[in-house]
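Visitor: Please read through the structure below; I'll follow up with questions.
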Amino acid sequence: MRAGEEVVPIGNSVLDGSAMADAQVALAAAARLSGRDLTMLGGNAAVDLIGVLTTAVDMLSAARLAVLPTVQDSGVWALDGSQSAASWLARTDRSARAAAGSDFKVARALGEHLSLTRAAIADGLVPVAHARAIAKTCLRTEKLAGMLSCPDRGEGFILDHAHLGLDDFRKFLNSWAYRVDPDAADAAYVEAKDGFTFALATTLGGTVPSGCLDPVVGEGLLVMLRAEIGVPSKDDKRTTAQRMHDALGSVVNRVLGGGELGHHASVRPSVVVHVPYATLEAKVGTAGLAPVVLQESGQGISRALLDQMLCDCSITRVIFGPRGELLDVGRAQRTFTGPRRRALDAHDGGCRFPGCHRPPSQCVGHHRSGWANGALTDAKDEGILYCFFHHPYVHEQQISVERDAVGNWVHHDRHGNWIGTSRPRSLLPDFHAPDPWDLPAA
């Protein structure tokens, strides 16, 4: 209900007068507060206000949960045509049906099993989020529910740890539940196993992942991505989520490029794009050309992304006739492979974008003048290594790179402004130093 709206009783009943009066006072106070310009508060005052508002929201949420069982038991929720109490609440709150159903379960648990928790959130001592976690974890089995009444390790003991942050509190609850009923964890896993899914949906703006991963799979993915990210440099302005995304791209490129998958497939798994020849030859920004599309999803990609992929990929020429008939299939050729790639690795020694130190294993060969513009696969004059983060960045920002008189790579932005200069590994002072194993003993 918003400020100024009429209070509509549920069915033919009305709420207790004093309770409604208190609710109206709280609503009026909220209306006055939201109408004020709070942007002028100082930092300390803003912090204090956040603390008060957080406690107030939790206490009001506790009051809301307290009346939900009454609504459910009365049946008045059906008077407006709702099929269930959860449907009625979702419509009233403009919330998701699943969230509304969860609220009724938590409210019922607080009223029937968690009296201490109900009192604690009503007094503003425990956040509602913690109460939800208690209801979800501690009532999973009869043995867990029975332990709640234990004086030493029951509900009071659990609430003594409610000062923890939500993530740590959930870990504590899982530990408590495992100690009380080890079989509950197995039962919960079996129950949740069918819900472990992973899907990728193609949208106009990119590919959106969804699902819920097995804890071990999720942990493995997290460990892998963190290992790939390493220690970010001080000038890395990406968010953690952006680093995770780029790290996933690095792993995918390395796995697909390494030939580790599809040993029995007729064609090695790879990312395939269909590029009309006229589009390939055209300059950036030319209108009226057919788009570049990914083979699996049919999703179009930008020219900057195409140029990035062309730097180090296999190219297969496929010629179709005017009626779509297959006329000729050329031989695939890969750029910067074999001796050329080994020479490039030895020469550059890793990503050559100024300030980056990624090793060759996390880099791809980049054509300085652009493969689509006719650049040769020449490791000496055209090839330069960029990591999986800086390679797309160079294309997207249209960064140019030239060699100076002594062989360093000089980078400029699209406006000609100098970005930085990097030295290939072969020009570093200690690159040609003698092997310490070959030095005479002291």
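Visitor: In what sequence, highest mean first, do 346-357, 404-415 appear when ranked by Cβ atoms within 10 angstrom?
Guide: Highest mean packing first, the order is 346-357, 404-415.
Visitor: Hey, another quick one. How large is ³J(HN,Hα) for each residue in region 234-251, as worked out from phi by the Karplus curve 6.51 cos²θ - 1.76 cosθ + 1.60 (θ = phi - 60°), to whole Hz, x for Gly and Pro?
Guide: 5, 9, 7, 8, 5, 6, 4, 5, 5, 5, 4, 4, 5, 5, 4, x, 4, 5
Visitor: Using 0.36 nm times the number of residues separating D194 and A78, minus their current alpha carbon distance, what extension gain do you get?
Guide: Gain in length upon complete extension: 38.5 nm.
Visitor: What does the convex hull of the Cα atoms come to per residue for region 85-131, in Å³?
Guide: Per-residue hull volume (Cα only) is 74 Å³.
Visitor: Also: Modelled label-to-label distance, H161 and Y178, 7 Å Cα→beta-carbon offset: nm?
Guide: Going by the 7 Å Cα→Cβ label model, 1.1 nm.
Visitor: Take the cross-link list K171/K237; K136/K193; K136/K171 and give me the ones stretching past 21 Å between alpha-carbons.
Guide: In this structure, K171/K237 exceed 21 Å between Cα atoms.
Visitor: Shifting gears a bit: Using only Cα atoms, figure out Rg for region 41-196 and give it as a multiple of 2.2 N^0.38 Å.
Guide: Taking the Cα Rg and dividing by 2.2 N^0.38 Å, one obtains 1.15.
Visitor: Here's something else I'd like to know. Give, in nm to one decimal, the length gained when the segment between Q398 and T203 is fully stretched (0.36 nm per residue of separation minus the Cα-Cα distance).
Guide: Contour length minus Cα-Cα distance gives 67.6 nm.
Visitor: Please report how far the C-alpha centroid of region 144-181 lies from that of region 106-132, rounded to the nearest whole angstrom.
Guide: 13
Visitor: Still on this structure: Along the Cα→Cβ direction, 7 angstrom out, place labels at I419 and L53. What is the inter-label distance in nm?
Guide: 4.1
Visitor: Carbon and sulfur: what percent of region 69-215's accessible surface (1.4 Å probe)?
Guide: 55
Visitor: Something else now. Between V410 and L222, what length in nm is gained on full extension when 0.36 nm per residue of separation is reduced by their alpha carbon distance?
Guide: Result: 64.1 nm gained on full extension.
Visitor: Could I ask something else about it? Counting only heavy atoms of the protein chains, get the accessible area per residue of region 66-149 (1.4 Å probe) and round it to a whole Å² value.
Guide: Value for region 66-149: 52 Å² per residue.
Visitor: Which order, highest average first, do 65-75, 82-92, 145-155, 203-213 follow once you tally other Cβ atoms within 10 Å for each residue and take the mean per peptide?
Guide: 82-92, 65-75, 145-155, 203-213
Visitor: Estimate the FRET efficiency between A23 and A45 by the formula 1/(1 + (r/R0)^6), using the beta-carbon distance for r and 45 Å for R0, to the nearest 0.05.
Guide: 0.95
Visitor: Okay, next question. Label-point separation (nm) for S149 and A304, each offset 7 Å from Cα along Cα-to-Cβ?
Guide: A separation of 6.5 nm, rounded to one decimal place.
Visitor: Here's something else I'd like to know. With a ≥ b ≥ c taken as the square roots of the eigenvalues of the C-alpha gyration tensor of region 158-246, please select rounded if a/c is under 1.5 and otherwise prolate if a/b is larger than b/c or oblate if it is not?
Guide: Verdict is oblate for region 158-246.
Visitor: On to the next question. On a C-alpha basis, how far is the centre of region 45-98 from the centre of region 205-233 in Å? Whole number, if you could?
Guide: Each part reduced to its Cα centre gives a spacing of 35 Å.
The values are calculated or read from the model by the stated rules, or taken from the named source; none is laboratory data. Keep in mind that what you see is a predicted model, and the values were worked out from it rather than measured. Backbone-built Cβ (ideal geometry, glycine too); neighbour counts: all protein chains shown. Quick note on the areas: whole protein, heavy atoms, side chains included, nothing else; ligands and nucleic acids left out. Shrake-Rupley method; radii C 1.70, N 1.55, O 1.52, S 1.80 Å.
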